[in-house]
Amino acid sequence: EPEVTQTPSHQVTQMGQEVILRCVPISNHLYFYWYRQILGQKVEFLVSFYNNEISEKSEIFDDQFSVERPDGSNFTLKIRSTKLEDSAMYFCASSGNSGGLRNEQFFGPGTRLTVL
Amino acid sequence: SQKIEQNSEALNIQEGKTATLTCNYTNYSPAYLQWYRQDPGRGPVFLLLIRENEKEKRKERLKVTFDTTLKQSLFHITASQPADSATYLCALVNNAGNMLTFGGGTRLMVKP
């Protein structure tokens, strides 16, 4: 069964450093998302991406964040200058061929980001 | 501001009973509502989606209701099993279908 994959599973970085989190969505999906979950807290929407552009973003997704689909398979989240409060689990998700979140969404296993 | 509330206290039930979880929301008119299961350290797994014009949806042992007047959804698991133990998340979809807002989740523990 097709699945969303994410790398790395765990990333440790120093405050102020840039990180890139990588995702490979399900191959025929057209809508892509990033979420984060701080330990013990709820899953928070960051951004949705369709047709090579951001279609919605939350207030968390400020100028230090960016997303890119550099080729036909990868979808990346870049955090330019990490802060301690960016420590969280980051989930990538994708959904199918029409309607965005009006359809089932598939989540990856997550990347745990630890900022020291 | 928009608020989605799920009971933050764990729900403990006996195997074989029906579990009922509640999701209430305010200051929101979602087009769709989704329910997910999340196990510790894992990503959410989609369970069911219900549209604003649907009152009820079923899938195997799962049933979801959606009352847009009460601004509430109920999620039922019948004949519960210990393997159903997990955190269950309610999530609301905006009208454009491009943003999902999650509740804090309710942890369900099914005891044998």
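Computed from the coordinates by the stated procedures, all read-outs in this text should not be read as laboratory data. All of these numbers come straight from a predicted model, not from anything done at the bench. All Cβ positions, even for glycine, are placed from backbone atoms using ideal geometry, and neighbour counts span all protein chains on display.
Observations on the model:
- In order through the range B:93-99: 3J(HN,Hα) via Karplus (6.51 cos²θ - 1.76 cosθ + 1.60), integer Hz, x for Gly, Pro: 9, 6, 5, 6, x, 10, 8
- Footprinting exposure proxy for A:E1, B:E60, B:E52 (fewest neighbouring C-beta atoms within 10 Å first): A:E1, B:E60, B:E52
- Electrostatic bookkeeping for A:R102 treats Lys and Arg as +1 and Asp and Glu as -1; over the other residues with beta carbon under 15 Å from its beta carbon, the sum is -2.
- Distances between placed amide hydrogens fall under 5 Å for A:S55 paired with A:S48, A:F49, A:Y50, all partners being 5 or more residues away or on another chain.
- Normalised size of chain A, defined as Cα radius of gyration per 2.2 N^0.38 Å with N residues, equals 1.00.
- For the range B:36-49, the Karplus equation 6.51 cos²θ - 1.76 cosθ + 1.60, evaluated at θ = phi - 60°, returns couplings of 10, 10, 10, 9, x, x, 10, x, x, 10, 4, 10, 8, 10 Hz by residue, with Gly and Pro reported as x.
- Whole-Hz couplings from phi, Karplus 6.51/-1.76/1.60, listed for the range A:84-89; x for Gly and Pro: 4, 6, 7, 4, 5, 8
- Near the amide H of B:L108, within less than 5 Å, lie the amide hydrogens of B:L11, B:A86, B:T87, B:Y88, all on another chain or at least 5 residues away, with H placed in the peptide plane.
- Comparing A:I26, A:P70, A:L113 along the charge dipole axis of chain A, the residue lying farthest to the positive side is A:L113, per the Cβ-charge model.
- Residue-count net charge about B:S80 - beta-carbon cut-off 14 Å; Lys, Arg +1, Asp, Glu -1: +3
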